[in-house]
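Worksheet: one structure, shown below.
The values are calculated or read from the model by the stated rules, or taken from the named source; none is laboratory data. Computed from a predicted model, the values in this text were never measured in an experiment. Cβ coordinates were reconstructed from backbone atoms using ideal geometry, including for glycine residues, and neighbour counts include every protein chain displayed.
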Amino acid sequence: MSESRVAEFGFFTKDRTACFRLTAPHTAMGAYSWWKEPSWMVDSKRRRMTPNWPWLLSALTLLQVNAVQAHSLKRGSAQDLKCTTKNMQVWDCTWTAPVGVSPGTVKEVCIKDRLNSCHRLESTNIKIAALSPGDHEVAINYLNGFQSKFTLNENDVSLIPDTPESLDLSADFSTSTLHLRWNDRGSAFPYPCNATWEIKVLQNPSMELVKLVSFNTTLSGRDIVHHWNWTSDLPLQCATHSVGIRWYIDYNRFSGYKVWSDWSPLKNVSWTPNSETNVFPQDKVILAGSDITFCCVSQTKVLSGQIGKTFCPLIHLYGENVAIHIRNISVSENSGTNVVFTTEDNVYGTVVFAGYPPDIPQKLNCETHDFKEIICSWNPGRPTGLVGPRNTDYTLSESISGKSVPFKRFETLTNESYRLAFQMLPGQEIHNFTLTGRNPLGHAESAVFINITERVAPHVPVSLRVKDISSTVVTLSWHLPGNFAKINLLCQVEICKASSEREVRNATIKGAEESSYLVAVDKLNPYTLYTFRVRCSTETFWKWSKWSNEKRHLTTEAIPSRGPDTWREWSSDGKNLIIYWKPLPINEANGKILSYNVSCSSNEETQSLSEILDPQHRAEIQLEKSDYIISVVAKNSAGSSPPSKIASMEIPNDDIIVEQAVGMGKRIFLSWHPDPNMTCDYVIKWCNSSRSEPCLMDWIKVPSNSTKTVIESDQFQPGVRYNFYLYGCTNQGYQLLRSIIGYIEELAPIVAPNFTVEDTSADSILVKWEDIPVEELRGFLRGYLFYFQKGERDTPKTRTFETGHSDIKLKNITDISQKTLRIADLQGKTSYHLVLRAYTHGGLGPEKSMFVVTKENSVGLIIAILIPVAVAVIVGVVTSILCYRKREWIKETFYPDIPNPENCKALQFQKSICEGSSALKTLEMNPCTPNNVEVLESRSIVPKIEDTEIISPVAERPGESSEADPENHVVVSYCPPIIEEEIANPAADEVGGTSQVVYIDVQSMYQPQAKPEEEQGIDPGVVAAYKPQMRLPINSAVEDFAAAEDEADKTAGYRPQANVNTWNLVSPDSPRSTDSNSEIVSFGSPCSINSRQFLIPPKDEDSPKSNGGGWSFTNFFQNKPND
Amino acid sequence: MNDERAKDLMLTLFRPVPAPLCLLSLLPPLSLSAPISPSEPISQAYSLALYMQKNTSTLLQTYLRYQGSPFSDPGFAAPELQLSSLPPAAVSFKTWHAMDDAERLRRAQGAFLALTQHLQLVGDDQSDLNPDSPVLQAQIGAARLRAQGLLGNMAAIMTALGLPIPPEEDTLGLVPFGASAFERKCRGYIVTREYGHWTDRAVRDLALLKAKYPA
């Protein structure tokens, strides 16, 4: 049952809250009304059921009561005997007097089963002591003798406690909390018994029920004051709240009805407004994400309500008071979230701080640096969103000592560095720390349980000092602040050799209070710069301290651990022994080497050189070339090294061949076969091969069990030849085992081989060259490349040899001992370009080139000249003979008797003759005409040169010549010049027509055809005067020239053999022309006859051009009809 | 502790402040010395007031920015908010014009005296509400320092003009303690706003004086 009741209230509570949230007051009222009825139903039902009797029993009891009443009604007329009790000790019974009986006539009431059970009275109610359980017969006697009888049972009695009296109702307006106090008056009741209380809160003025709560208490026989607190959602300032209380008592020995008491009188809580503040709650700190209601008390109409920037719907309370409800409020900024109500003439507001309760402090860690105080640090976790006075306060408390320390906040504090110092108590090692963080929204704590001796992180060691004990041992001392008396410290010493490895050594030291600590560090190297630093922890390791500052220290010197590396060379004259030694490396010198002592001892004598100061690593001693033992000692401030000894003489070895080697990079690799005789070590020395003896650049010693080594030196340069000598060491001394020449890297030669031509013939050249010096060879010579090619100096083609050029011939001479080369199968009198290059594995050297002309092949030349001459002579002789033999025939053929020109028959004869020779076909163009030519002056021979002189001014003097013509009446006989020559040279006359061909050939032989300038130099008139038709195409240039002078004369295929101009000029001026008059008569040929014509000079008035054209046309017209 | 910090802030602020604030260090001898020509302190006060005028809106905007909405909303203004302990700067032109120099100086002096005290209060308020905002603290501190400087200059002027210097009094009394956060925010707003208004009015007052007492 009680469960069901709680459920009912739970529902109510929820429902009420929901209503308040969502609805305005009048709506809440409705909800209250709705709720009221079922509540009462519940109560009445519960009242009946409260006794421990089963429900069925109660029902039976009810029936019985009814039966009794029915019975009493039957037996008496008194009605409705009702008994109630306030405290279960006194029953207050009333009844109604029967009809007709006055209530004042009651005489006595008797309870039958009691002694002295009759009570005299005069009213219809009676207080009687509680009766024992069970039925009791009650008789009421009236004065008139009327008697009413009732059966009275405890079950019929109702227990109605007195109305509770609330002692005090107060309100905390800042928290909107109501405090109710009341007295349960438990002393008046049997105990223990349960009391159930119900408290209601009404919101004025509408008397809306805003809270109804019930709860149980136990009455213990004493008066107890009870408290009830309730926090209102709506700030109390904004509405008057009234509180009422009632109760009922549940006593299991009482079987009657249990009934609620009446509600106590309502007590009110109201707020007296002051002028300043009108909005509530003020400055409240709430959990982010929760809901909150703000209200505003105003006399004037509130226009709006907002939180931050967000305007909220107004919930009207009473009057002008309004509220806004905020759900799921977000975290405020530092200065809080503003809530502002605006009225027509003013602004009211409040600030709410929404944030979070402190997070559980995280990573709480407590440790000590010095056993004086314990430093606890932690991370606050999630930010609370609250600052200033609302920020989280932390307190560190230690439960064993009971001490606690508050955390002081500093402005610069960041979230990561929350630290708090707790002063250690002497003797306490175990600590149980609890760190509590509080803010207005709650608190959180975290705890740590530690043994402080296991949580030691010492301070950084200071005042680190180093003190020498020996050259290999120092002591380090440092100060460590703090009281470590009860524990052992574990410290680390870091030893750092300059620039190289670091070594860390651990040391466990007994702790002390505020003490310095001392540690010896051994196994150091003498005369070495060390850097020391120290850090400490405890044996129960927790954390290292920071490293101390570094301390640099140079250990003291010790004697050099061995003698220097020694070598010796005899000077070139063999009189002096030069002793070389190497400076000791720093780890063997054990100090600064000040000087060296050198001594040479033989059986007879000992020479020594002492105090050779350090930078000098060489000494020269004049010795007989015999066996000495040389010893070298290095000295530093601590003393002398053991001597290093070497024999002055080498063990001869004849079986030495020189080998070659090439290195890689700056190193060269040498290997050799193991030699069991070599007991001490091997020495490889090397020097630049171009240096003079004694040559020693450097040497290295290799242990006797090695068979190979890599020699590396910064002095090595590519392209330089070095000599390497491998010596083996025996007890008697060193013996040369191998001699090697080598290059670190081969380069191409920097010079070309110097070569000369030893011999030249018409078809071969013998070339000889010289060796390239070693310095310029820069590698092992691998061969020569020889190119040759036809070509002359300065001809671009032969400047460089293009690879792959077909003309180039290449010879690769790989036999480097070869120094000559004969090149055969060359052409005579030809220039050749020769090139010689040397090459190594490093590449080809530069080229040296030379031009050589082979000698002339004289026999061939002679033959080449003689044969054509002989042929020409033979042809000439044969031709002459033939001509001579056939001279009659020739005469008949070429020089027949000239017929009378007046006889036309001669024309036919001539025609047939002319057809016989094609060379004379030109004559056809001038068929014999029956013209009569009167020759006044004749020109038999016109020498070429004269023609040249005369022809050039032709164009300039046309007038002159034309004037002269009519006067002189010169008749020019036309005749080919070849005939003139025949006349001039009768010897050649025999050749006749062919002589023209020969002449031209000879001429062309001596005058190459492609000589246009020369030909142009010849006066065109010469050629124009006579042109064999065969040569016409060749002389086209001349023709052009002629054409420029005389445009009309454009006939290329055939040209009249006469030049009119020539004629014009020649005839009057030339004195020789008169001479030739007679000659014209004396000779003649059929051809000349054919061509003979009367040349009438053109008219003076005509221009030379028209003159020429006129002639030409006339000539044609004259000739054609005759054809 | 807050006071010390505020002092520190002032000192740190003091260094970079250019010419007008440097005059402050010269003030004590000026105010103590016998009557001299009023033009020099007037000129100094005028320069300082002009300099202050440049920063008043920055102070107000900075202040509002830290108070959250609606204070930090653009264009926020609540002219209806007033503080009884702080005389409003707003005055009708007629009334202002009718005042004589002594009255103007007296009122301005009273106002800046109240402002210095209120700015101290606002600084304390903000160290609670915005403890992590040194910029705001610095600006409030600087404003207070300048107001004090102007007070000193005005005292020098009054001395030079032979006017009585009103005694310093506590304008705040007990009222402000226990104010709610909202009241403190509003109070700060009114103070920073009135600081600007009074500075404007002081510039006007001093300009008038400057015209009257040319150098």
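Just the residues that are assigned to a loop (DSSP other than H, G, I, E, B) and surrounded by fewer than 15 Cβ atoms within 10 Å (Cβ to Cβ), please, taken from region A:548-560.
Residues of region A:548-560 that are assigned to a loop (DSSP other than H, G, I, E, B), as a first pass: A:548-550, A:555-560.
A:549, A:550 - these are the residues of region A:548-560 that are assigned to a loop (DSSP other than H, G, I, E, B) and surrounded by fewer than 15 Cβ atoms within 10 Å (Cβ to Cβ).
Residue under question is residue A:267, and the condition is that it be crowded, with 20+ Cβ neighbours inside 10 Å, more than 14 Å from chain B (Cβ to nearest Cβ), of a type in the set (Lys, Arg) and touching a strand residue (DSSP E or B) at 6+ places or on another chain (Cβ under 7 Å); does it hold?
In short, no.
Tell me which residues, restricted to region A:319-345, are in contact (Cβ under 8 Å) with a residue 12 or more places away in the chain and facing chain B (nearest Cβ under 7 Å).
Hits for region A:319-345 are A:334, A:335, A:336, A:337, A:338, A:340, A:345.
Quick one: in region A:270-282, which of the residues that are surrounded by 19 or more Cβ atoms within 10 Å (Cβ to Cβ) and not β-branched (Val, Ile, Thr) is farthest from the chain's Cα centre (by Cα)?
A:278
For (1) assigned to a loop (DSSP other than H, G, I, E, B); (2) in contact (Cβ under 8 Å) with a residue 24 or more places away in the chain; (3) exposed (fewer than 14 other Cβ atoms within 10 Å of the Cβ), each residue gets a yes or a no:
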| residue | (1), (2), (3) |
| --- | --- |
| A:500 | yes, no, yes |
| A:532 | no, yes, no |
| A:541 | yes, yes, yes |
| A:568 | no, yes, no |
| A:580 | no, yes, no |
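Could you check region A:292-313 and list, in sequence order, the residues that are in a loop (DSSP other than H, G, I, E, B) and either surrounded by fewer than 14 Cβ atoms within 10 Å (Cβ to Cβ) or modelled with pLDDT under 90 (or both)?
Within region A:292-313, A:297, A:298, A:299, A:300, A:301, A:309, A:313 meet the criteria.
Kindly provide the set of residues from region A:270-291 that are within 14 Å of chain B (Cβ to nearest Cβ), closer than 15 Å to residue A:233 by Cα and either among the polar types (S, T, N, Q) or assigned to a loop (DSSP other than H, G, I, E, B) (or both), ordered by number.
The answer is A:281, A:282.
Would you check if residue A:351 is surrounded by 18 or more Cβ atoms within 10 Å (Cβ to Cβ), hydrophobic (A, V, I, L, M, F, W, C) and within 14 Å of chain B (Cβ to nearest Cβ)?
The answer is yes for residue A:351.
Here's a check for you: in region A:596-628, which residue that is among the charged types (D, E, K, R) and under 12 Å from residue A:564 (Cβ atoms) is modelled with the lowest pLDDT?
Selected residue: A:614.
Limited to region A:731-781, what total is found for residues that are touching a residue at least 60 places away in the same chain (Cβ under 8 Å), assigned to a loop (DSSP other than H, G, I, E, B) and within 60 Å of the chain's Cα centre (by Cα)?
15
If I go through region A:129-185 residue by residue, how many of them are surrounded by fewer than 15 Cβ atoms within 10 Å (Cβ to Cβ) and either under 60 Å from the mean Cα position of the chain (by Cα) or outside any strand (DSSP E or B) (or both)?
10
Determine which single condition residue A:236 fails, assuming it passes every other condition in (1) away from chain B (no Cβ under 14 Å); (2) more than 22 Å from residue A:88 (Cβ to Cβ); (3) touching a residue at least 24 places away in the same chain (Cβ under 8 Å); (4) surrounded by fewer than 20 Cβ atoms within 10 Å (Cβ to Cβ).
Condition (4) is where residue A:236 drops out.
Taking residue A:471 as the residue in question, decide whether it is over 27 Å from residue A:370 (Cα atoms), of a type outside the set (Asp, Glu) and buried (at least 17 other Cβ atoms within 10 Å of the Cβ).
When the stated conditions are applied, residue A:471 passes them.
Can you confirm whether residue B:66 is within 14 Å of chain A (Cβ to nearest Cβ) and touching a residue at least 24 places away in the same chain (Cβ under 8 Å)?
So residue B:66 fits the description; yes.
Kindly list the number of the only condition in (1) farther than 30 Å from residue A:477 by Cβ; (2) modelled with pLDDT under 90 that fails for residue A:631.
(2)
Just need a number here: residues in region A:370-397 that are in contact with a Ser or Thr (Cβ under 8 Å, 6 or more places away or on another chain) and more than 14 Å from every other protein chain (Cβ to nearest Cβ).
Qualifying residue count, region A:370-397: 9.
What single numbered condition from (1) exposed (fewer than 15 other Cβ atoms within 10 Å of the Cβ); (2) of a type outside the set (D, E, K, R); (3) touching a residue at least 24 places away in the same chain (Cβ under 8 Å); (4) within 14 Å of chain A (Cβ to nearest Cβ) fails to hold for residue B:173?
With (1) exposed (fewer than 15 other Cβ atoms within 10 Å of the Cβ); (2) of a type outside the set (D, E, K, R); (3) touching a residue at least 24 places away in the same chain (Cβ under 8 Å); (4) within 14 Å of chain A (Cβ to nearest Cβ) applied to residue B:173, the lone miss is (4).
Select from region A:334-348 the residues that are surrounded by 19 or more Cβ atoms within 10 Å (Cβ to Cβ) and of a type outside the set (Ser, Thr, Tyr) and write down the one among them that is nearest to the chain's Cα centre (by Cα).
By that ranking, first place goes to A:334.
Conditions first: (1) at pLDDT below 85; (2) over 30 Å from residue A:743 (Cβ atoms). Residue A:875 passes all but one, so which condition is the exception?
It is condition (1) that residue A:875 fails.
So that you can scan it fast, the table gives a plain yes or no per residue for (1) within 20 Å of residue B:140 (Cβ to Cβ); (2) surrounded by 21 or more Cβ atoms within 10 Å (Cβ to Cβ); (3) within 14 Å of chain A (Cβ to nearest Cβ):
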| site | (1), (2), (3) |
| --- | --- |
| B:39 | no, no, no |
| B:50 | no, no, no |
| B:58 | yes, no, no |
| B:73 | no, no, yes |
| B:100 | no, no, no |
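Given the structure, is residue A:316 out of contact with any His (no Cβ under 8 Å at 6 or more places or on another chain), more than 9 Å from chain B (Cβ to nearest Cβ), farther than 28 Å from residue B:124 by Cβ and not β-branched (Val, Ile, Thr)?
Against the criterion (out of contact with any His (no Cβ under 8 Å at 6 or more places or on another chain), more than 9 Å from chain B (Cβ to nearest Cβ), farther than 28 Å from residue B:124 by Cβ and not β-branched (Val, Ile, Thr)), residue A:316 qualifies.
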